[in-house]
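Here's the structure we're looking at; comments come further down.
What follows draws every value from the coordinates through simple rules; no lab data is involved. Keep in mind that this is a model prediction, so the values were computed, not measured. Because the Cβ atoms are built from the backbone with ideal geometry, glycine has one as well, and the counts that use them run over all protein chains shown.
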């Protein structure tokens, strides 16, 4: 059982006694049943909102309650192992806090700790809201050596960002162990640079910027909770018409995740004509996995440095697009949607940007030149799209499970337009179905006009045009209802 001392007196530290045991928990929300810590309440039942500070004035780890007649101490009996460093830090800095808890048979169960500033007490950090930020990060982390599911704390939003050296230092002291080992060591080195008076202001600025980016990412492990296949199927049916083979492959992936609780070894490559819904499928998968997603358009990348970032030796150095994606997502587990993989440029003599993706796809980690650190990628699920897979290099192709997306038949396009595209646009424009009536002849004419186009993008645009014209006739020409006939279709699109 570890011994932590919350006193500031050197003599006390030599004789301190740890009164508590630690327990492992992976609960993402602290409650009465799953508290942060338990205090001794045998001598007195403590009130729901109690004010005081963590301290060790009598060489025993305890909480000092501020009461009308003075202060009273209660031993700490148990602590969630994720919070020991934070409580130690609160005690060492004499931070005034308010506890929310409930008296139980085994003690006073504390499930909420809030910082309060009064009586000249110091703050844990120069950043407002730091304590709540810290508690959220700790609750979203895992107890050591436990592979339980990692969920986000629902009660509070992660709105605060670590930017100052003081707040980053506090974070490292309180929750440094929530970081991967290599990032924790990296952070210590960069903190030393950021605080050093022996390096240039430019070096210090880069170190602090890199630390702020890295510390504000929730570094999660590769454990994924089970996904409801029925819910996944509902999302797919809601987003996509037909495509039964595609949906089957995605459901197979879901079942695989449920069995292994890890992402598949290979990402998905969606290959098919333009406008067939490849990007829509990728967004649906991200929704099913309940992960943030980011997009990378390879057609706009012509230099590998855009992906890998630039070295800090340059004044205008900055992280690459991949690192920025982690920063924007705010966590290390995300869906990486790589659009137009087959249109990746060969580069400007500095290498092929597409080849830079290989390390990301191998899940072995990715090194950003600006961050100067190996970024874990075990929680990244790549989904790429392409029109022509023959233009993709063999090494890249070998990193994906390929799903062919066929073009829609004329009959499928009829159903998509009449049952999905047009009703969706009418609803968005505030039109009733009776105000814009699609005739059978009009539907046939639409499919005929767009018979030589692939996908359904042109059909969706046609639905937009028809609905807008119908709204115009209703508002300007004062008609009660518009019937979309073959004549109207040819007039609009002829």
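Taking the Kirkwood radius as Rh and the Cα radius of gyration as Rg, the range 317-456 has a ratio of Rg/Rh equal to 1.14. The radius of gyration of the Cα set in the range 203-248, together with its Dmax, comes out at 20.1, 56 angstrom. Computed FRET efficiency, Cβ-Cβ of residue 479 and residue 412, R0 41 Å: what is it to the nearest 0.05? Taking R0 as 41 Å, the efficiency between residue 479 and residue 412 is 0.80. Going from the residue with the fewest nearby Cβ atoms within 10 Å to the one with the most, 257, 250 rank 257, 250.
Placing one identical point scatterer on every Cα of the range 410-493 and ignoring solvent, what is log10 I(q)/I(0) from the Debye formula at q = 0.18, 0.20 Å⁻¹? Debye output, listed in q order: -0.68, -0.84. A Förster radius of 41 Å combined with the Cβ-Cβ distance from residue 358 to residue 427 puts the calculated FRET efficiency at roughly 0.40. Antiparallel beta bridges, as assigned by DSSP with both residues in the chain, represent about 55 percent of the total such bridges.
Restricted to Cα atoms, the range 229-404 shows a radius of gyration and a Dmax of 16.3, 53 angstrom. Ranking of 276, 359, 42, 71 by neighbouring Cβ atoms within 10 Å, starting from the fewest: 42, 71, 359, 276. Computed over the range 158-209, the percent of Cα pairs more than 13 Å apart is 60.
Could you work out how far helix 181-195 tilts from the main Cα principal axis of the chain, as a 0 to 90 degree angle to the nearest 10? That works out to roughly 70 degrees. Give the Rg/Rh ratio for the chain, taking Rg as the radius of gyration of the Cα atoms and Rh as the Kirkwood radius, to two decimals. Radius of gyration over Kirkwood radius for the chain works out to 1.09.
Counting only alpha carbon atoms, the long axis of helix 229-239 and the longest principal axis of the chain meet at about 50°. Between 0 and 90 degrees, the angle of helix 440-449 with respect to the longest Cα principal axis of the chain falls at about 80 degrees.
Taking 0.692 mPa s as the viscosity and 37 °C as the temperature, the Stokes-Einstein diffusion coefficient of the range 452-494 based on its alpha-carbon Kirkwood radius rounds to 291 µm²/s. The fewest-to-most ranking of 80, 388 by surrounding Cβ atoms within 10 Å reads 388, 80.
Based on the Cβ-Cβ distance from residue 315 to residue 164, what FRET efficiency comes out when R0 is 25 Å, to the nearest 0.05? Result of the calculation: an efficiency of 0.65.
Per-residue ellipticity at 222 nm, computed for the chain from helices alone with -39500 (n - 2.57) per DSSP H run of at least four residues, works out to -11000 deg cm²/dmol. Once the Cα-Cα distance is subtracted from the 0.36 nm per residue extended length, the residue 29 to residue 256 segment shows a gain of 79.0 nm.
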